[in-house]
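Student: The following block contains the structure, expressed as structure tokens.
The values are calculated or read from the model by the stated rules, or taken from the named source; none is laboratory data. Computed from a predicted model, the values in this text were never measured in an experiment. Counting neighbours? That spans all protein chains shown, and the Cβs are built from the backbone with ideal geometry, glycine included.
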Amino acid sequence: MGMGMTDVDQPDKIASLLSEIRNCRLCEDDLTCGPRPVLQLSAQAHIFICAQAPGIRVHESGLPFTDPSGDRLREWLGIDKEIFYDPQKVAIIPMGFCYPGTAAKGGDLPPRPECAATWHDEIFGKLATPTLKLVIGQYAHNYHLGSRRAKTLTQTVSQWRSYAPDIIPLPHPSPRNNIWLKKNPWFERDVLPYLRRRVAEILP
């Protein structure tokens, strides 16, 4: 928790920051669908989900993970939508807050780097250290794990025990990663049971 910040005024600080982020127009000229920052914050959340960037369905809904990726992620965690969308329990802080658009070869563009550069230090400086941080995808691995990450996403996720119990690196739950999941059956066999137990310990 930030220096000089009391438990009483902390929620107000977070609410003010969240409002400021949702009104951000920094990348407006570079976003084909326009800015619509999507994230979920509170001072009380014990689990942080740190992922990539919203997809088009999330851009349209204004809620994080309202797409097949979200369905799979909630299945991985073993929680329902009511718990997942409770900001007092779960904070959702992607590397990019707005839908970045579609890449020329298909799929979404990478998260806009301006979000992390402009907002992330302030966000994580105001929030208490979470009980569990889920770091999803290579861009989040790079930011949150830094020199602790391995050379590849697969190697980083395979070394999950070295980050547990407070951090668990994950692949993105997108259906585009179905091939990865088939090639790496240890993920569903070893990582997911541990992940579900850890979440159940924190959110009984």
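Student: Considering only residues of region 12-33 that are in contact (Cβ under 8 Å) with a residue 24 or more places away in the chain and assigned to a loop (DSSP other than H, G, I, E, B), which is farthest from T131 (Cα to Cα)? I'd like the intermediate steps shown before the answer.
Tutor: Let us first name the residues in region 12-33 that are in contact (Cβ under 8 Å) with a residue 24 or more places away in the chain, namely 13-14, 17, 21, 24, 26-27, 30-33.
Now restrict to residues that are assigned to a loop (DSSP other than H, G, I, E, B): 24, 26-27, 31-33.
On the way: C24: 29, L26: 32, C27: 32, L31: 34, T32: 37, C33: 35 Å.
Once the filter is applied, the top-ranked residue is T32.
Student: From the residues in region 107-129 that are assigned to a loop (DSSP other than H, G, I, E, B) and either among the acidic types (D, E) or touching a helix residue (DSSP H, G or I) at 6+ places or on another chain (Cβ under 9 Å) (or both), which one is modelled with the lowest pLDDT?
Tutor: As a first pass, look at region 107-129 and keep what is assigned to a loop (DSSP other than H, G, I, E, B): 107, 109-112, 127-129.
Add one more test, that the residue is either among the acidic types (D, E) or touching a helix residue (DSSP H, G or I) at 6+ places or on another chain (Cβ under 9 Å) (or both), and what stays is 107, 110-112, 127-128.
Details: G107: 84, P110: 95, P111: 97, R112: 96, L127: 95, A128: 93.
Among them, the one singled out is G107.
Student: Kindly check whether there is at least one residue in region 59-68 that is crowded, with 20+ Cβ neighbours inside 10 Å and on the phi > 0 side of the Ramachandran plot.
Tutor: Our first condition is that a residue be crowded, with 20+ Cβ neighbours inside 10 Å; within region 59-68, this holds for 59, 64-65, 67.
Filter once more, keeping what is on the phi > 0 side of the Ramachandran plot: 65.
Yes, region 59-68 contains at least one residue that is crowded, with 20+ Cβ neighbours inside 10 Å and on the phi > 0 side of the Ramachandran plot.
Student: Only one residue in P64, P87 is touching a residue at least 24 places away in the same chain (Cβ under 8 Å), in a loop (DSSP other than H, G, I, E, B) and over 25 Å from R176 (Cα atoms). Which one? So that I can check it myself, show each step before the final result.
Tutor: On the way: P64 fails: over 25 Å from R176 (Cα atoms).
So the residue among P64, P87 that is touching a residue at least 24 places away in the same chain (Cβ under 8 Å), in a loop (DSSP other than H, G, I, E, B) and over 25 Å from R176 (Cα atoms) is P87.
Student: Right, next: Among the numbered criteria (1) of a type in the set (V, I, T); (2) part of a loop (DSSP other than H, G, I, E, B); (3) touching a residue at least 60 places away in the same chain (Cβ under 8 Å); (4) more than 26 Å from W160 (Cβ to Cβ), which one does I79 miss?
Tutor: Of the numbered conditions (1) of a type in the set (V, I, T); (2) part of a loop (DSSP other than H, G, I, E, B); (3) touching a residue at least 60 places away in the same chain (Cβ under 8 Å); (4) more than 26 Å from W160 (Cβ to Cβ), the odd one out for I79 is (4).
Student: Suppose the filter is surrounded by fewer than 20 Cβ atoms within 10 Å (Cβ to Cβ), at positive phi and modelled with pLDDT of 95 or more; does G4 pass it?
Tutor: Values: surrounded by fewer than 20 Cβ atoms within 10 Å (Cβ to Cβ): yes; at positive phi: yes; modelled with pLDDT of 95 or more: no.
Here the answer is no, as G4 does not meet what is asked.
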